[in-house]
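Following: one structure in structure tokens, then a few remarks.
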Amino acid sequence: MWKILVRTDNSASQLVLRLALALVIFPHGAQKVFGLFGGAGLAPTRAAFAAMGFASWAAYLLMFSELVGSLLLALGLLTRIWALAIGAGIAICMRLNHLEHGFFMNWYGRQQGEGIEYHLLVLGMALALVLGGGGALSLDRLFARGQRRGGLVL
């Protein structure tokens, strides 16, 4: 199982996808957990999710995957797991809050909310990482190389 999780090649495109996704998702986690970037912070975010019918554990899991998962994604550690978690979170968010607003983001203020175009991009990036792994300069690649040689190479 470990071999499947860390298997990847030396792809520069996977590196770019991984870093871009981590860079886009981290601020969302920082908003929810720390109140940075104009966010509400931990308690208000948990209360908002509870008002939408989410269990506390689900809200905390989402916040953890966005904050910690994006950092580990940037390092390329267990890329497939974090990409899957981020993709699942964005898919749920898209379905519950954005699908009803159509495709486009609310660029001109004419919609009730944001459409799904951003979510589809994040899903595509996450899926590419689930399928291809972390690519170049990832800890996954380092661990996979160590597996082939019979031990961890650091």
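The values are calculated or read from the model by the stated rules, or taken from the named source; none is laboratory data. Note that this is a predicted model, so its numbers are computed, not measured. Note that we place each Cβ from the backbone using ideal geometry, even for glycine, and neighbour counts take in every protein chain shown.
Structure above, values below:
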quantity	calculated
Residues being part of a helix (DSSP H, G or I), closer than 24 Å to L123 by Cβ and in contact (Cβ under 8 Å) with a residue 12 or more places away in the chain - total across segment 35-59	3
Test result for E66, among the acidic types (D, E), more than 16 Å from G124 (Cβ to Cβ) and touching a residue at least 40 places away in the same chain (Cβ under 8 Å)	yes
Among residues of segment 63-115, those that are assigned to a loop (DSSP other than H, G, I, E, B) and under 22 Å from S138 (Cα atoms), counted	3
Qualifying residue in segment 77-85 (condition: loosely packed, with under 14 Cβ neighbours inside 10 Å and modelled with pLDDT of 95 or more)	no
Unique residue being surrounded by fewer than 14 Cβ atoms within 10 Å (Cβ to Cβ) and in contact (Cβ under 8 Å) with a residue 24 or more places away in the chain when the list is K32, K3	K3
Test: residue in segment 110-121 that is closer than 16 Å to R18 by Cα and among the charged types (D, E, K, R)	no
Checking P27 against (1) closer than 30 Å to I4 by Cβ; (2) under 14 Å from the mean Cα position of the chain (by Cα), the condition it does not meet	(1)
Residue count for segment 10-29, restricted to those that are surrounded by fewer than 13 Cβ atoms within 10 Å (Cβ to Cβ) and not polar (S, T, N, Q)	2
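Yes/no matrix, rows are residues, columns are (1) in contact with an Asp or Glu (Cβ under 9 Å, 6 or more places away or on another chain); (2) in a helix (DSSP H, G or I); (3) closer than 22 Å to L142 by Cα:
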site	(1), (2), (3)
S13	no, yes, yes
L17	no, yes, yes
V33	yes, yes, no
L61	no, yes, no
